[in-house]
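Scroll down for the structure; my scribbles are underneath it.
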Number of protein chains: 2
Amino acid sequence: MPSSDSPRTQVTRLAEKQRHDRRALDQLLDSSRVCHVAVVVDGAPVVLPTAFARDGDTLLIHGSTGSPWMRTVAEGGPVSVAVTALDGIVVARSAFESSLRYRSAVLFGAATPVPDDRQGAALDLLTEALVPGRAAEVRPSTRRELAATMVLALPIRRWSLKVSDGWPDDETVDVAGPAWAGVVPLREVAGEPQPAPDLRDGIPVPPSVIRVSER
Amino acid sequence: MPSSDSPRTQVTRLAEKQRHDRRALDQLLDSSRVCHVAVVVDGAPVVLPTAFARDGDTLLIHGSTGSPWMRTVAEGGPVSVAVTALDGIVVARSAFESSLRYRSAVLFGAATPVPDDRQGAALDLLTEALVPGRAAEVRPSTRRELAATMVLALPIRRWSLKVSDGWPDDETVDVAGPAWAGVVPLREVAGEPQPAPDLRDGIPVPPSVIRVSER
């Protein structure tokens with residue numbers, strides 16, 4: 001599915017950075033843990049970070065049914081969702097050309113509550129997005145837990161993807177000068193799993209946690 | 001300066017996570033490279049990531065004077081800015097209690113252009129936020145570069161800070177069960193500096209880049 005042509009989703013500058021590859025979008029969404037969701041409240045924007053998961057052509061977020069924020073998003077007003085990965089610092093020979101390597105997706109649309117009969121599956125996807133394989137290792141959610149949780153779905157329909165993965169683009173005169181130029185790669189790493197203070201003796205670190213710690 | 005009491009900046013749930021410590025806010029802002037800025041365009045929210053710097057009680061962002069996005073922000077309408085650090089995955093004994101460790105700041109206000117006579121200093125701060133010490137290593141910006149760049153300032157006045165740094169909070173029955181619980185720490189690391197393909201021979205990696213790579 002191509003990205004929309006609506007003005008709001010067009011990258012107007014640095015057009016060479018815009019991508020229309022849905023697989024590249026999915027790759028970014030599937031490798032990210034947090035998105036930033038913006039809504040309009042009383043005419044002003046409010047942006048908050050939240051965990052998310054992708055379910056095919058849908059982006060899922062969840063929260064407490066008691067959260068005014070979730071209820072605002074659930075009302076179906078326009079939302080904008082950013083998913084950003086920072087891949088490096090582009091150290092140019094001038095401040096002007098210095099920048100970042102990144103992948104940046106922005107989605108637009110309206111979110112709707114996931115129906116009760118699909119809520120369990122959606123929550124499993126949200127668990128799997130944090131720790132792949134974990135959903136099968138924990139007990140099923142209780143009815144009380146499901147009733148306390150709201151899951152919202154945003155169609156992945158109108159979106160924009162920008163990828164900056166290049167090198168410093170310095171002026172010829174600067175390239176001939178004395179300054180260094182290059183890229184400092186950045187990435188997120190997971191550390192050793194730390195057992196909870198109340199973990200009972202003899203419970204080993206499960207496979208899902210070992211895998212996520214080695215990523 | 002305490003955070004505002006306006007409804008929009010109050011954490012309504014998980015109030016124990018809310019912090020009113022301005023130093024904790026500054027620490028998060030000063031250790032982050034990217035913020036997410038939301039504005040309202042034609043009644044709908046638009047959120048985009050961008051690099052930023054803190055200048056005392058002001059948050060600075062910059063972009064091209066040719067960017068419609070920057071011009072929208074510069075119009076002085078309400079903006080919301082999120083700065084988020086992801087510190088770990090809270091692996092609970094149930095999906096319901098599983099969550100993230102994070103520090104999350106959200107600022108509200110209106111941005112205004114930085115006056116011409118303070119633009120150079122503001123751009124130095126933005127360079128320093130990416131690579132501390134770099135501003136002194138590169139040539140000054142040219143008049144043409146300054147003219148092509150817009151720097152915007154948002155007062156750090158209305159803000160909310162949430163910190164989640166705890167352990168899984170499982171039900172007693174789950175703590176007595178067979179499931180593991182703990183935290184997988186997450187952090188951003190920098191890799192070895194990679195020289196640009198057009199870097200001339202004999203130019204060493206500068207101290208600023210060595211330092212940022214070792215963080």
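None of B:110, B:85, B:95 is within 10 Å of chain A (Cβ to nearest Cβ), of a type in the set (A, V, I, L, M), touching a helix residue (DSSP H, G or I) at 6+ places or on another chain (Cβ under 8 Å) and farther than 28 Å from residue A:97 by Cβ except B:95. One residue stands out among those in region B:128-142 that are of a type outside the set (Gly, Ala, Ser) and more than 13 Å from residue B:211 (Cβ to Cβ): the one that is surrounded by the most Cβ atoms within 10 Å (Cβ to Cβ), which is B:138.
Restricting attention to region A:173-206, the residues that are among the aliphatic types (A, V, I, L, M) and touching a Gly at 6+ places or on another chain (Cβ under 8 Å) total 6. Condition check for residue A:164 on (1) under 29 Å from residue B:95 (Cα atoms); (2) touching a strand residue (DSSP E or B) at 6+ places or on another chain (Cβ under 6 Å): one failure, at (1).
Checking each residue in region B:170-215 for being within 17 Å of residue A:199 (Cα to Cα), free of Cβ contacts under 8 Å to residues at least 24 places away in the same chain and not in a loop (DSSP other than H, G, I, E, B) picks out B:172, B:173.
Of everything in region A:113-127 that is open to solvent by less than 50 Å² (accessible area, probe 1.4 Å) and more than 20 Å from residue A:81 (Cα to Cα), the residue that is farthest from the other protein chains (Cβ to nearest Cβ) is A:119. For region A:129-169, a residue qualifies if it is farther than 15 Å from residue A:117 by Cα and hydroxyl-bearing (Ser, Thr, Tyr), and the qualifying residues are A:160, A:164.
Take the residues in region A:173-215 that are of a type in the set (S, T, N, Q) and in contact with a strand residue (DSSP E or B) (Cβ under 7 Å, 6 or more places away or on another chain); name whichever of them is surrounded by the most Cβ atoms within 10 Å (Cβ to Cβ).
A:213
Counting only residues that are more than 7 Å from every other protein chain (Cβ to nearest Cβ) and either in a helix (DSSP H, G or I) or at pLDDT 95 or above (or both), how many does region A:7-17 have? The qualifying residues number 5. Determine, yes or no, whether residue A:97 is touching a residue at least 12 places away in the same chain (Cβ under 8 Å), farther than 20 Å from residue B:49 by Cβ, of a type in the set (D, E, K, R) and surrounded by fewer than 23 Cβ atoms within 10 Å (Cβ to Cβ). Taking the combined requirement at face value, the residue does not satisfy it. When residue A:152 is tested against the conditions (1) within 19 Å of residue B:92 (Cβ to Cβ); (2) more than 7 Å from chain B (Cβ to nearest Cβ); (3) of a type in the set (A, V, I, L, M, F, W, C), the lone failure is (1).
Looking only at region B:38-77, residues that are under 10 Å from the mean Cα position of the chain (by Cα) and closer than 21 Å to residue A:161 by Cβ come to 3 in all. Cβ separations smaller than 7 Å between residues 6+ apart or across chains give the following pairs from region A:51-71 residues that are facing chain B (nearest Cβ under 9 Å) to residues that are assigned to a loop (DSSP other than H, G, I, E, B) and open to solvent by less than 30 Å² (accessible area, probe 1.4 Å): A:51/A:33. Please enumerate the residues belonging to region A:49-71 that are open to solvent by less than 50 Å² (accessible area, probe 1.4 Å) and either modelled with pLDDT of 95 or more or charged (D, E, K, R) (or both). Within region A:49-71, A:49, A:50, A:51, A:52, A:53, A:56, A:58, A:59, A:60, A:61 meet the criteria. So, of the residues in region A:172-196 that are more than 7 Å from every other protein chain (Cβ to nearest Cβ) and of a type in the set (D, E, K, R), which turns out to be farthest from residue B:97 (Cα to Cα)? Going through the qualifying residues, I end up with A:174. Looking only at residues in region A:18-42 that are among the charged types (D, E, K, R) and away from chain B (no Cβ under 13 Å), which one is surrounded by the most Cβ atoms within 10 Å (Cβ to Cβ)? The extreme case among them is A:19.
The values are calculated or read from the model by the stated rules, or taken from the named source; none is laboratory data. What you are looking at is a predicted structure, and each value in this text was computed from that prediction instead of being measured. We place every Cβ from the backbone using ideal geometry, glycine too, and count neighbours over all the protein chains shown. What goes into the accessible areas is simple: the full protein's heavy atoms, side chains included, and nothing from ligands, DNA or RNA. Shrake-Rupley method; radii C 1.70, N 1.55, O 1.52, S 1.80 Å.
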